Amino acid sequence: MNAKETLRQYLKDTPTIITVAGNVGLGKTTTAEIMADGLEIAISRELDNAIFDQSLLWKFIEAPADEKPQHCYVLQQDFVYRRLEARRKQAHLGKSFIEDRSPEEDPLIMHPHFVNRGYLTRQQYALLQELWKAQENKTPPSEIMLVLQGSARLAREGIEKRGRLGESDTWQEERDLKPMAELYKQFPAAVGQYGLHKGAIVEIDRQVLDPLQDSHRERIYRSMLSGLRKLGRLI
């Protein structure tokens with residue numbers, strides 16, 4: 001039995017939450033979709049779960065620079081509950097699933113970046129950290145986390161290729177993607193502090209591995225199985 005079949009059987013027998021993290025443009029959703037299909041599990045997509053309150057989102061986007069901290073803070077507070085409620089609803093079904101974005105990317109990546117951009121004050125950042133750390137034991141944790149790592153250039157190429165409205169202007173290579181790529185290097189070591197992931201972490205170098213390729217996915221599946229074995233969840 002190959003790694004894909006072994007993992008597929010494990011996920012069928014053992015309800016498991018898999019989550020995907022990574023910089024904008026590195027292919028989180030594509031990776032989640034391909035794995036959901038190959039492993040025959042459900043997918044929880046950020047854009048399908050009303051994660052974004054559109055009224056709050058557009059207030060933040062359209063606000064002048066000096067008002068963005070107020071709107072950004074309210075929006076990020078709302079994200080906490082919406083993201084975790086989406087996980088709870090999916091987990092309630094009692095079957096394995098994969099998320100196309102990990103909740104912890106908000107406090108560990110986006111919030112520090114928004115502080116640097118001037119969209120969050122230091123006090124707001126501290127309050128959001130307290131809010132996230134208070135969520136432990138309120139939501140089932142993920143057991144497998146895939147972290148896509150890659151250069152800011154690769155992330156920018158992904159953004160340009162998919163051509164989503166507004167993304168090209170929102171996520172600039174030097175201003176946004178490069179500092180975020182540096183934050184993602186520290187992400188695996190820091191993610192446990194929120195209690196929302198208690199399991200294996202598999203880092204995927206997107207310069208080397210392409211989830212679109214069968215042989216590359218098999219390597220990723222092997223790494224996922226290895227992580228489960230180290231945790232004693234698979235013999």
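Every residue in segment 185-215 that is surrounded by 14 or more Cβ atoms within 10 Å (Cβ to Cβ), assigned to a helix (DSSP H, G or I) and without any contact (Cβ under 8 Å) to a residue 12 or more places away in the chain, please.
Gly192
Would a scan of segment 105-124 turn up a residue that is more than 18 Å from the chain's Cα centre (by Cα), in a helix (DSSP H, G or I) and aromatic (Phe, Trp, Tyr)?
no
Of everything in segment 15-48, what is of a type in the set (A, V, I, L, M), surrounded by fewer than 17 Cβ atoms within 10 Å (Cβ to Cβ) and either under 15 Å from the mean Cα position of the chain (by Cα) or closer than 15 Å to Ala181 by Cα (or both)? Give them in sequence order.
The answer is Leu47, and nothing else.
For segment 216-235, how many residues are part of a loop (DSSP other than H, G, I, E, B), of a type in the set (A, V, I, L, M, F, W, C) and out of contact with any Leu (no Cβ under 6 Å at 6 or more places or on another chain)?
Residues that pass the stated criteria total 2.
Consider Arg45 against the criteria (1) free of Cβ contacts under 8 Å to residues at least 24 places away in the same chain; (2) in contact with a Ser or Thr (Cβ under 7 Å, 6 or more places away or on another chain): it satisfies all of them except one. Which criterion is unmet?
(1)
Only one of (1) surrounded by 17 or more Cβ atoms within 10 Å (Cβ to Cβ); (2) part of a helix (DSSP H, G or I) is not met by Glu143, so which one is it?
Of (1) surrounded by 17 or more Cβ atoms within 10 Å (Cβ to Cβ); (2) part of a helix (DSSP H, G or I), only one is false for Glu143: (2).
Of the numbered conditions (1) in a helix (DSSP H, G or I); (2) β-branched (Val, Ile, Thr); (3) closer than 26 Å to Thr30 by Cα; (4) at pLDDT 95 or above, Val80 satisfies every one except a single condition; which is it?
So the condition that Val80 fails would be (4).
Enumerate the pairs (first residue in segment 96-111 and more than 12 Å from Ile51 (Cβ to Cβ) and surrounded by fewer than 24 Cβ atoms within 10 Å (Cβ to Cβ); second residue anywhere and modelled with pLDDT under 95 and of a type in the set (Phe, Trp, Tyr)) with beta-carbon separation below 9 Å, excluding pairs fewer than 6 apart on the same chain, so at least 6 apart or on different chains.
Met110/Phe79
Going by what's in this entry, would Glu157 be described as loosely packed, with under 14 Cβ neighbours inside 10 Å and of a type in the set (D, E, K, R)?
Spelling it out, it is not the case that Glu157 is loosely packed, with under 14 Cβ neighbours inside 10 Å and of a type in the set (D, E, K, R).
The values are calculated or read from the model by the stated rules, or taken from the named source; none is laboratory data. Being a predicted model, the structure only gives us computed values, none of them experimental. Using ideal geometry, Cβ is built from the backbone for each residue, glycine included, and neighbour counts are taken over all protein chains shown.
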